[in-house]
Amino acid sequence: MPVFLPVSMFALLPVLKAWNRSGVRPTAAIRRACALAAAAAALCVLPARAQPLPPSVQAAVSRSGLPADAFTVLVAPARGSGAPLVSVRASEPVNPASVIKMVTTYAAVDLLGPDFRWRTGFYADGPVADGVLRGNLYIQGGGDPKWVMERIVEALAAVQAQGVAVVRGDLVLDQGAFALPRVDPGAFDGEYLRPYNATPEALLVNFKSLVLGLVPDAQAGVARVTFEPPLAGVQVDATVPLTRGPCADWRSGLQARFDDPNRVQLSGSYPLRCGERSWPVAYVAPEQFAPRALEGLWRSVGGMLTGEVRLGAVPAHARLLHEAWSLPLSDIVTDVNHFSNNVMAQQVFLTLGRLPPASVGGSGAGPLVTPATPGGARERLAQWWHARLGARWPAPVLVNGSGLSRDERITAESLLALLRHALQHPDGAAWLQSLPVAGVNGTAARMGERGILKQALGNARIKTGSLRDVVSVAGYVSGPGGQQRAVVVIVNHPEATRGRAVLDAVLEWAATRP
């Protein structure tokens, strides 16, 4: 059987020449080549020959009622080049849903490093005296994936500490780090108010989502409504009547209207038994969200503004007032993988598109260039894949790097190659820690509820994925004696959710097989 090494062929030329001169059997030459490649921190992976499903998994497939060709399954030793224990349709490109975030986040850790931080800059183009900026205040976005309220308020307070309390000019937002086509947030599934459909931008404010809070006041007979972030020019009903009924579908009971960009109207009631609740909702006019939120937050911390809020570029003569740095990439990828945050994943994906092409095959990120485009990000990811994993394992088909797509594709063999590569990487631990633990945290916290997982609970670090017609899981499972196994299970079918028990059955088998 031929072997394919996801390393540069040039690195293996001395090995191959020695093989040809010596006439050594292919098996020995393959082992020697793999050993040298591993010593050079490369990766050697054997193609996955078909291996049937174990009886417990086959039984789960039968109970699902789905056809056999709906399932892709691969279980193999996580380290080295050992042959798969189970391999079904492992070379077929399939839609992985959010499992594709593993590719985006691992590429980011490799190319940017776990300590990488995004920068948001604050600039002034006029003099500052007696707390007054006589000119414009500019906020230049760098793509920070988690620029949320508390961190924005902290940054605005730092600007005020530089002597700017009143802006006698405009608040200008520089979104130039990303060049993005206009996208309808409801285009994917019609759910334009769901936060998971929020679209990326260089100044991503609070995930483009507002959060309604409901706090019952039994004496007054109302639930008091909180609203964050404060959006300039947006009115929100301050109270809603309380009812004594059960806490069931309380969201529908509120009869909320979000279709007016200038008002959130609550015409219904709220059950007292629900206690305090919060409801995140995507803003109906996403292009207005950052301008309204940043003006509202600036005024909420005591700032004044005489001009308007508009988009624009920071001029060359403007001077820097403050730099707000993001959380480190290691924290960001943990949020992306733990909570499957789509817009954060897209922010990371686009940031990779700001890398110069020459830096992708090397070991350092190099200076970021502007602007990033989705097409550029896809090119960089493809370059990175071939540089790190080689041409044998097909590069994934990426659309936005989050899995929120009907068109993204990857093979189980390619995911296995990535999982094995990560275990050899100097920063691989930072990425590994970003994966949720089955039955413990993140999107994997509830995986034990079907009663199938027992030994795998707490012993599997995995990424889950789910779309209307996809359920998936990939990651690492600790077997008996601490054997580490790579697992990929993907179901593509219009009724894919019926196959969730198969994901559990594979994980449990991998955790218990001697």
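The values are calculated or read from the model by the stated rules, or taken from the named source; none is laboratory data. Predicted, not measured: the structure shown is a model, and the values here were computed from it. When we count neighbours, we look across all protein chains shown, and the Cβ atoms used for this are built from the backbone with ideal geometry, even at glycine. For the accessible areas, the whole protein counts, side chains as well, though only heavy atoms, and no ligand, DNA or RNA atoms are used. Shrake-Rupley method; radii C 1.70, N 1.55, O 1.52, S 1.80 Å.
Given a Förster radius of 22 Å and the C-beta distance between E191 and S56 as r, what FRET efficiency does 1/(1 + (r/R0)^6) yield to the nearest 0.05? Write down the numbers at each step before the final one.
Working: r = 36 Å, r/R0 = 1.65.
After rounding to 0.05, the efficiency reads 0.05.
Express the relative contact order of the chain as a whole percentage, based on alpha carbon pairs under 8 Å and six or more residues apart in sequence. Walk me through the intermediate numbers first.
Numbers: 1163 pairs, mean separation 111.6, N = 514.
The normalised contact order for the chain reaches 22 percent.
Along each of the three principal axes of the Cα atoms of the range 384-435, give the extent in whole Å, ordering the values from largest to smallest.
Result, largest extent first: 32, 25, 18 Å.
Answer with one residue from V236, L507, V109: the one whose Cα lies farthest towards the positive end of the charge dipole of the chain, charges on Cβ with Lys, Arg +1 and Asp, Glu -1.
It is L507.
Which values, in whole Å and largest first, are the semi-axes of the equivalent ellipsoid of the range 57-128 obtained as the square root of 5 times each eigenvalue of the Cα gyration tensor? Could you put the intermediate results ahead of the total?
Values: eigenvalues 410, 66, 16 Å².
After scaling each eigenvalue by five and taking roots: 45, 18, 9 Å.
Could you calculate the contour length gain from F339 to S300, that is, 0.36 nm times the residue separation minus the distance between their Cα atoms, to one decimal place in nm?
Roughly 11.1 nm would be gained on extension.
So what does the Cα-only Debye profile of the range 207-347 read at q = 0.13 Å⁻¹, as log10 I(q)/I(0), no solvent term?
-0.76
Under 16 Å from a label point 7 Å along Cα→Cβ of Q255: give me every residue in the range 195-238 with its amide N that close.
Residues passing the 16 Å test: 223, 237-238.
Over the range 233-377, what is the relative contact order in whole percent, taking alpha-carbon pairs under 8 Å and six or more residues apart?
Relative contact order for the range 233-377 comes out at 14 percent.
What is the packing order of peptides 188-194, 91-97, taking the mean over residues of other C-beta atoms within 10 Å and listing the highest first?
My ranking of the peptides, most packed first, is 91-97, 188-194.
For the pair V153/V440, report the inter-label distance in nm, with labels modelled 7 Å from Cα in the Cβ direction.
With each label point 7 Å from Cα toward Cβ, the separation is 3.3 nm.
How large is the Kirkwood hydrodynamic radius of the chain, counting all unique pairs of alpha carbons, in Å?
Final number for the Kirkwood radius of the chain is 25.1 Å.
Mind listing the long-range amide H neighbours of L85? Cut-off is under 5 Å, sequence gap 5 or more, other chains count too, H placed in the peptide plane at 1.01 Å from N.
V75, A76
Please report Rg (one decimal) and Dmax (integer) in Å for the Cα set of the range 443-514.
11.7, 39
Heads up, I need the accessible area for K454: 1.4 angstrom probe, whole protein in place, Å², nearest 10.
It works out to around 140 Å².
Out of residues 5 or more away from G245 or on other chains, whose amide H comes under 5 Å of its own, with H placed 1.01 Å from N in the peptide plane?
For G245, whose amide H was placed from the backbone, the distant partners under 5 Å are L272.
Calculated FRET efficiency, A391 and W279, Cβ-Cβ r, R0 51 Å, to nearest 0.05?
0.60
Net charge near P328, counting Lys/Arg +1 and Asp/Glu -1 over other residues with Cβ under 10 Å of its Cβ?
Working: positive: R117; negative: D115, D331.
That works out to -1.
With a 1.4 Å probe and all protein chains left in place, how much of the accessible area of the chain comes from carbon and sulfur atoms, in whole percent?
53
Taking amide H positions as placed 1.01 Å from N in the peptide plane, with prolines and chain starts having none, which residues 5 or more places from G176, or on another chain, fall under 5 Å of its amide H?
G141
Going by the alpha-carbon gyration tensor, a ≥ b ≥ c the square roots of its eigenvalues, is the range 336-437 rounded (a/c under 1.5) or, if a/c is not under 1.5, prolate (a/b greater than b/c) versus oblate?
Taking the square roots of the gyration eigenvalues as a ≥ b ≥ c, the range 336-437 is rounded.
Could you grab the relative contact order for the range 69-208? Cα pairs under 8 Å, six or more apart, rounded to a whole percent.
So the answer I get is 20 percent.
Enter the accessible area per residue of the chain (Å², integer; probe 1.4 Å; all protein chains in place).
42
Suppose R0 equals 60 Å. What FRET efficiency, 1/(1 + (r/R0)^6) with r the Cβ-Cβ distance, do Q219 and A358 give to the nearest 0.05?
0.35
Could you pull out every one of the aspartates and glutamates with an alpha carbon less than 13 Å from that of K101, ignoring same-chain neighbours closer than 8 positions?
D335, E408
Please state the Cα pair-distance histogram of the range 368-514 with 10 angstrom bins from zero: what percent is in each bin?
11, 36, 36, 14, 3, 0
Count the net charge of all other residues whose Cβ sits under 15 Å from the Cβ of D469, scoring Lys and Arg as +1 and Asp and Glu as -1.
So the surrounding residues net to 0.
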